[in-house]
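Asker: My questions will all concern the structure given below.
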Amino acid sequence: RTAVVRPSQLADAVPWKARLSGDLDAIVLHASADSPVDRYASAEDLARDIDRYVAHHPVRARAPTMSYRLARLLRRRWAVAAAAALFALLIAGFTWRLVVARDHARAAERTARVHAVTAEKVSDFLVSVFDVSNPQLNQDREISARAVLDEGAKRIESELLGEPQTKAKLLRTLATAYRHIGAPARSAELFREAIDLYLDPRVDDPLAAAAASSELAVVESNDIPGSDALSDARRSLALRERYAPNDPLAMGDAYNTLGIILEARDQFDEAEKALRKSLELRRAGHADPSTIASCLNNLGLVVASRSDAKSALPYFAEALNLRESSTGTHSTGYQNALEHYGTYLVRAGDYARGVPILERNLVLCIDLYGNDSTHTGSAHNEIGSAVHDLGRFREAAAHYREAMRIDTEKTGADAPILPLNNLASAYEDMGDYAQALPLFERSLALRAKTLAADDTRVLRAKQNLARVLLDLYDTARAQPLIEEALAVLRARFGENNTNTVKAELTLGALYSMTGRHAELAALLDTLHAAKIEFAPLMTARMHALEADAAEASHDIDTALAARRKAWEAMRKAFGDQHPQTAEFAVAYASALAQHARADEARALVAPYISVIDAAMVAEAPSRRALARWRQSSPSERPSRQ
């Protein structure tokens, strides 16, 4: 018999217990076996087995199995074995990578072949479609771009039923073309068909679907009121997060589109986050300068909307510099950046720099696009807005009329919403309310027809119409318009918002005109509590309402002080040559004259007579006031010194 207890079993408390098991256990058990036949023949045999153990050779006390002998060999030659194992791993890894690379190459080759074949088919198809415009093939009929596209869309449906890859690409191409000829509804329809095909298992191109979803979202946001542009923008982002999370350019495009859509929905905080993410990704991915410039421009628009124009100027300036360095100063990209920079310099109050830039922009637009381009129309509109702010109302109206002419010719009578509203405002500021009224009415009708009822542009149109109705003393029509607009603005933006405050100023004029003095006082408290930066004209109108409230309570000193503050607010911002400074001066002078301070009133208004005569129509209230003074006694007549 052999010993029952192994040595390793007696070494529970020692850290090297594991080293006793195996060979040493076998040697001890063999040496202490009960039967002489099972023991070592001599001490020399025992010593030789111990030497074998020390030298990592197989010991005679254990069965000489192949696995045991191989283990001892590897133990003796561990360095060689490790090197061999490492070499084997390297060979295996290299082989695996070769296989993977081969598979990728084959997949890329297959994809390239598919794309090449698709591109060739797309090219052949488009060439055949455009043959419809060849005079030799169509009996010399003039064919419009829309007719060519319609023919192409019709043939896609009938001829490419068995080629979904080619059909998807062509649908997307035609969708883009329809967008550029001003047919957004048809463009969106084709984009949706293309997206469905890209996601079809027969095509299985989710990244193309993501790109098309991004384009669709922009079309919907810009031109299709009531559409779900935000869902399409989020779908584009989700597809790219799933299939191209490490592609900074694809992800940057998705976030840029999302930011554009959120900005259009007045969700400025979320829009800014998305656009900053897009800018970060595009810069990290070394996107081309024009793409980065586009993102900077979009970010500037959002910053201007959620804070102020001055804060946005660095983004527009950087975008302009990028465009200049990448495409030069005679390109469409540079022109777009130039117009935005000039526009927001003006909105920030820097007319000295902004107006010359907008004048350069108009010259560049005419050179690039011609006199009748919608881009040129936009340039006229922006210059009109700038000189309008400076009180050059007649000059502004001329630019607005040219913008309207171009837009009407290019996009139809229902299109020129922005210059139409601006022209109405110019007539209003000239005191020509009879001309302003139908233009404001038409502007509201067009906006209500094409935009959602709670769209900010619709609400502003209601406010504008209400204001000119008050100028005409039509309080019955004005009241529901301003109350409806203000209710939505307060619910949507709260009290600390420029749109809300402008509407409240108009409501205050209604309260004053209708003798609702308690409501006017409460509204003034709300205006004083608003945490926004008031533009000079807003400040002047608020002081005018304070004067109305003070006069209603027979507090003459407070009323006169408020009239003076209104005049000084405009004077400080625009100087004495601005017609609206002159209007508030006349209002202050009229109040002085009514309270036995005619000499002071006459001296105050004298420098403004020529300003009002040049800018205002004969029916303007300020000119009528001057006319009454001229017909009054010499002691009350303003001097022309």
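The values are calculated or read from the model by the stated rules, or taken from the named source; none is laboratory data. Computed from a predicted model, the values in this text were never measured in an experiment. Glycine also receives a Cβ, built like all others from the backbone with ideal geometry; neighbour counts cover every protein chain displayed. Areas reflect the complete protein model, heavy atoms only, side chains present, ligands, DNA and RNA absent. Shrake-Rupley method; radii C 1.70, N 1.55, O 1.52, S 1.80 Å.
Asker: Quick one: in the stretch 439-466, which of the residues that are part of a loop (DSSP other than H, G, I, E, B) and acidic (Asp, Glu) is farthest from the chain's Cα centre (by Cα)?
Answerer: Checked the stretch 439-466; the qualifying residue farthest from the chain's Cα centre (by Cα) is ASP454.
Asker: Please find, among ARG623, ARG563, the residue that is open to solvent by less than 50 Å² (accessible area, probe 1.4 Å), basic (Lys, Arg), under 24 Å from ASP429 (Cα atoms) and touching a residue at least 24 places away in the same chain (Cβ under 8 Å).
Answerer: ARG563
Asker: Evaluate the following for PRO206: is it surrounded by fewer than 23 Cβ atoms within 10 Å (Cβ to Cβ), over 12 Å from the mean Cα position of the chain (by Cα), on the phi < 0 side of the Ramachandran plot and touching a residue at least 12 places away in the same chain (Cβ under 8 Å)?
Answerer: Values: surrounded by fewer than 23 Cβ atoms within 10 Å (Cβ to Cβ): yes; over 12 Å from the mean Cα position of the chain (by Cα): yes; on the phi < 0 side of the Ramachandran plot: yes; touching a residue at least 12 places away in the same chain (Cβ under 8 Å): yes.
The answer is yes for PRO206.
Asker: Which one of these is farther than 21 Å from THR498 by Cβ, of a type outside the set (Ser, Thr, Tyr) and modelled with pLDDT of 95 or more: ASN336, ASN371, ASN321?
Answerer: ASN321
Asker: Would it be correct to say that ALA287 is free of Cβ contacts under 8 Å to residues at least 12 places away in the same chain and aliphatic (A, V, I, L, M)?
Answerer: no
Asker: Counting only residues that are open to solvent by 60 Å² or more (accessible area, probe 1.4 Å), among the polar types (S, T, N, Q) and modelled with pLDDT of 95 or more, how many does the stretch 411-445 have?
Answerer: Count: 1.
Asker: Count, please, the residues in the stretch 201-220 that happen to be of a type outside the set (Ser, Thr, Tyr) and within 19 Å of GLU241 (Cα to Cα).
Answerer: Count: 12.
Asker: List pairs: first in the stretch 411-427 and closer than 24 Å to ALA615 by Cβ, second of a type in the set (Lys, Arg) and modelled with pLDDT of 75 or more, Cβ under 7 Å, 6+ apart or cross-chain?
Answerer: Pairs that qualify, where the first residue is closer than 24 Å to ALA615 by Cβ and the partner is of a type in the set (Lys, Arg) and modelled with pLDDT of 75 or more, are LEU420/ARG442; LEU423/ARG401.
Asker: A further question follows. Does THR450 fit the bill of being surrounded by fewer than 19 Cβ atoms within 10 Å (Cβ to Cβ) and either more than 17 Å from PRO419 (Cα to Cα) or in contact with a strand residue (DSSP E or B) (Cβ under 7 Å, 6 or more places away or on another chain) (or both)?
Answerer: no
Asker: Something else about it: Filtering the stretch 335-394 down to residues that are charged (D, E, K, R) and in a loop (DSSP other than H, G, I, E, B), which residue is least open to solvent (accessible area, probe 1.4 Å)?
Answerer: ASP350
Asker: Please enumerate the residues belonging to the stretch 186-203 that are over 21 Å from the mean Cα position of the chain (by Cα), assigned to a helix (DSSP H, G or I) and hydrophobic (A, V, I, L, M, F, W, C).
Answerer: LEU190, ALA194, ILE195, LEU197, LEU199
Asker: Now for a separate question. When LEU275 is evaluated against the numbered criteria (1) without any contact (Cβ under 8 Å) to a residue 24 or more places away in the chain; (2) under 30 Å from VAL303 (Cβ atoms), which criterion, by number, is the only one it fails?
Answerer: In the conditions (1) without any contact (Cβ under 8 Å) to a residue 24 or more places away in the chain; (2) under 30 Å from VAL303 (Cβ atoms), LEU275 misses (1) alone.
Asker: Would you mind stating whether THR332 is open to solvent by 40 Å² or more (accessible area, probe 1.4 Å), under 30 Å from ALA208 (Cβ atoms) and polar (S, T, N, Q)?
Answerer: yes
Asker: Can I ask one more? Return a yes/no flag: does the stretch 317-329 have any residue that is over 23 Å from ARG283 (Cβ atoms), open to solvent by less than 30 Å² (accessible area, probe 1.4 Å) and among the β-branched types (Val, Ile, Thr). Give the derivation first.
Answerer: To start, the set of residues in the stretch 317-329 that are over 23 Å from ARG283 (Cβ atoms) comprises 329.
Keeping just the survivors that are open to solvent by less than 30 Å² (accessible area, probe 1.4 Å) gives none.
Among the residues of the stretch 317-329, not one is over 23 Å from ARG283 (Cβ atoms), open to solvent by less than 30 Å² (accessible area, probe 1.4 Å) and among the β-branched types (Val, Ile, Thr), which makes the answer no.
Asker: While we're on this one: Limited to the stretch 467-515, what total is found for residues that are more than 30 Å from PHE268 (Cα to Cα) and either outside any helix (DSSP H, G or I) or touching a strand residue (DSSP E or B) at 6+ places or on another chain (Cβ under 9 Å) (or both)?
Answerer: Of the residues in that region, 5 qualify.
Asker: As an exercise: evaluate LYS572 against (1) within 25 Å of LEU486 (Cβ to Cβ); (2) open to solvent by 20 Å² or more (accessible area, probe 1.4 Å); (3) modelled with pLDDT of 90 or more and give the number of the one condition it does not meet.
Answerer: Here LYS572 clears every test but (1).
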